[in-house]
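Taking it in order: structure first as structure tokens, then the write-up.
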Amino acid sequence: MDFSINQRALAMVEEGILPHQEQLQVRAYTLANGATVIDMGVEEKAGWRAGKLFTESCLGGLGRLDFTTMWIGEHLVPAATITVDRPAVAELSCHDAIYVMNYHGVRTTFSGPFRAIGGMDAYARATPYRDPCTARAVAHLQTTELPGEEMTTQLAGEIGIDPSGLYLLAARTGTLAGAVQVCARNVEQTFPTLLDRGFNTDCVVQASGSAPIFGAVADEYVAYGRVNDCLIYGQETNLWVDCTDEEIERILPDLTFDKNQDIYGVSFEELFARSGHNWAHVPRDWDAPCKINFHNLRTGHAFSSGRLGYDTLERSFLGI
């Protein structure tokens, strides 16, 4: 694979974002170290199109976000529908928010195609793809504060590039763009779970996923809880795979969020509070996909695991 997901993401940044900042309600800054930081919804208002570009650049140009709708009770709400080519590369090497940098003693988690340069973390190394573009990189950060020179210098150093080659897109959860980019992580949430259970993710030929979009609210903790409710109670992923049926059947019973019967139906806002608002303390089984459908191209059989939690979604949507 000689294509570059960083170059594909850079094209989106340079052609789709930087010339259209006013229309997108975003703002780009060139720092003293040469790094480019783009406010995609930290201090700027950033909406639908900004969320779409944040997501598609985070997928390295290997996926597409379309806005659809979904019924939650009597309410027709927007939904994020993702379609992904080369899903193992797009998700494990790129979209997964898994790279952790210790910044002033705080675990700061990044996603984006930069992770594919040299295989920056265990999930990126789980696929043989390595980005041949090693001088410029695109990274993405969910944050309430715009990154500065010190953070970008440290991140560029860990990637192994000059800071002038780094483009860092940032958004907080409580903006519409921030809610979009989180709810669009519906396929993303599936791949680490598959990998953890020993499933060969290279068998996944194509992928798609949908999840409702709501949660844009000023209180970041409330917003964080609601967008994650959209995933653990409202996400449905379809995977087209080429493997034996037995490989699918082996992992089905322990795959989706509803296996957590003791806490199923509890809002993520409450679950995150129980974890001290710290992802490091969130049990790995809580960060699980809601529902997955497997379509086996080899056998023609289909398999499904999980269920949507419509009651919890409606309570979260209404803020009750």
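The values are calculated or read from the model by the stated rules, or taken from the named source; none is laboratory data. Note that this is a predicted model, so its numbers are computed, not measured. Using ideal geometry, Cβ is built from the backbone for each residue, glycine included, and neighbour counts are taken over all protein chains shown. With ligands, DNA and RNA removed, areas are computed over all heavy atoms of the protein, side chains included. Shrake-Rupley method; radii C 1.70, N 1.55, O 1.52, S 1.80 Å.
Below, the figures for the structure above:
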quantity: Residues that are assigned to a loop (DSSP other than H, G, I, E, B) and surrounded by fewer than 20 Cβ atoms within 10 Å (Cβ to Cβ), drawn from the range 144-160; calculated: 144, 145, 146, 148, 160
quantity: Residue pairs meeting the criteria (Cβ under 8 Å; at least 6 apart or on separate chains; first without any contact (Cβ under 8 Å) to a residue 40 or more places away in the chain and over 16 Å from residue 139 (Cα atoms), in the range 1-21; second open to solvent by 10 Å² or more (accessible area, probe 1.4 Å) and outside any helix (DSSP H, G or I)); calculated: 21/27; 21/28
quantity: Qualifying position, being in contact (Cβ under 8 Å) with a residue 40 or more places away in the chain, open to solvent by 30 Å² or more (accessible area, probe 1.4 Å) and on the phi < 0 side of the Ramachandran plot, among 229, 254; calculated: 254
quantity: Qualifying residue in the range 233-246 (condition: under 28 Å from residue 43 (Cα atoms), in a helix (DSSP H, G or I) and charged (D, E, K, R)); calculated: no
quantity: Hits in the range 115-143 - residues which are buried (at least 21 other Cβ atoms within 10 Å of the Cβ) and part of a helix (DSSP H, G or I); calculated: 115, 116, 124
quantity: Meets criteria (of a type in the set (S, T, N, Q), in contact with a helix residue (DSSP H, G or I) (Cβ under 7 Å, 6 or more places away or on another chain) and farther than 23 Å from residue 56 by Cβ) for residue 260; calculated: yes
quantity: Residue match in the range 5-19 (condition: open to solvent by 30 Å² or more (accessible area, probe 1.4 Å) and over 28 Å from residue 85 (Cβ atoms)); calculated: no
quantity: Matching residues, the range 302-312, being within 13 Å of residue 266 (Cβ to Cβ) and either part of a helix (DSSP H, G or I) or open to solvent by 70 Å² or more (accessible area, probe 1.4 Å) (or both); calculated: 311, 312
quantity: For residue 23: the one exception among (1) surrounded by 16 or more Cβ atoms within 10 Å (Cβ to Cβ); (2) not in a loop (DSSP other than H, G, I, E, B); calculated: (1)
quantity: Those residues of the range 45-77 which are assigned to a helix (DSSP H, G or I), touching a Ser or Thr at 6+ places or on another chain (Cβ under 8 Å) and open to solvent by 80 Å² or more (accessible area, probe 1.4 Å), in sequence order; calculated: none
quantity: Leading residue by the ranking (most open to solvent (accessible area, probe 1.4 Å)) among those in the range 193-224 that are touching a Leu at 6+ places or on another chain (Cβ under 8 Å) and under 29 Å from residue 46 (Cα atoms); calculated: 216
